[in-house]
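This report refers to the structure that appears directly beneath it.
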Amino acid sequence: LKQLAGTDATASLVRLAADPAVRAFALRALADRRGETSTVPTSLFIQALGDPDPRVKLEAVNGLRRLGATAAAAAMLPLTASSDPLIANVTVNALVALSAVDAPMAAVTGSSDAIATGALRVLQQIHQPAVVTGLIAALPEVGATSRRAGVLQALARLHNRDGVWRGTLQEWWGTRPDTTGPYYDPVAW
């Protein structure tokens, strides 16, 4: 339907998203083509974040990322604490791709420990000066709690970035690649 009608299919796909049997497929089709998302309602995706079906949640997170819905970061953030590791990981990566800083930064000091941990997973991958200054400012607020270790870990991780690809696999990896991560060729940021 989306391939045949393009943006004219948006209204039909929004109606189809009301049916639980095809909701995930409708959400995926709505956000599938980046050039045809101007009329897609982000509220539909935000509502789908609370769906009981994990596939619908995944499509909602991916759709919000593809729509560039940075304003939906606060609604997405609780999914970083999901018991489903796939949902948690996709949500963290979506928030990183959106460069969502404000909602995760607020969650470091104000949310549950699980959501704060997810927020720190997001922030430790966003190399922006505002993230570093925000995390440093959060240190006195978190005190000596377990969150302090998470904030310090995020700051330590932000110190480095991955190096630039150097050309050949032998130069980059060698015969025994380093799998310790998170950076395999750390370069100071």
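Computed from the coordinates by the stated procedures, all read-outs in this text should not be read as laboratory data. Since this is a predicted model, take the numbers as computed values, not measurements. Ideal geometry is used to build each Cβ from the backbone, glycine not excepted, and the neighbour counts take in all protein chains shown.
Given contacts defined as C-alpha pairs under 8 Å and at least six residues apart, what's the relative contact order of the chain, whole-number percent?
The normalised contact order for the chain reaches 12 percent.
Measuring from label point to label point, each 7 Å out along Cα→Cβ, what is the residue 161 to residue 113 span in nm?
Taking the two extended label points, one gets 3.4 nm.
Mind ordering 139-146, 33-40, 62-69, 8-15 by average Cβ neighbours within 10 Å, highest first? Please list the in-between numbers first.
Values: 139-146: 11.8, 33-40: 13.2, 62-69: 21.0, 8-15: 15.2.
Packing proxy ranking, top to bottom: 62-69, 8-15, 33-40, 139-146.
In deg cm²/dmol, rounded to 500, what helix-only [θ] at 222 nm does the chain give when every DSSP H run of at least 4 residues adds -39500 (n - 2.57) and the total is split over its residues?
Theoretical 222 nm ellipticity from helices: -16500 deg cm²/dmol.
Sticking with the crude label model, points 7 Å out along Cα→Cβ, report the distance from residue 71 to residue 184 in nm, one decimal please.
Here the modelled spin labels are 4.0 nm apart.
So I have [x] 1, 8, 17, 20, 22, 16, 10, 4, 1, 0; [y] 1, 8, 15, 16, 15, 13, 12, 10, 7, 4, 1, 0; [z] 1, 7, 14, 17, 17, 16, 13, 9, 4, 1, 0, 0, and one of them is P(r) over Cα pairs in 5 Å bins from 0, in percent calculated from this model. Which one is it?
[y]
Take residue 1 and residue 144, extend 7 Å from each Cα along the Cα→Cβ direction, and tell me the distance between the two endpoints in nm.
So the two model labels end up 5.9 nm from each other.
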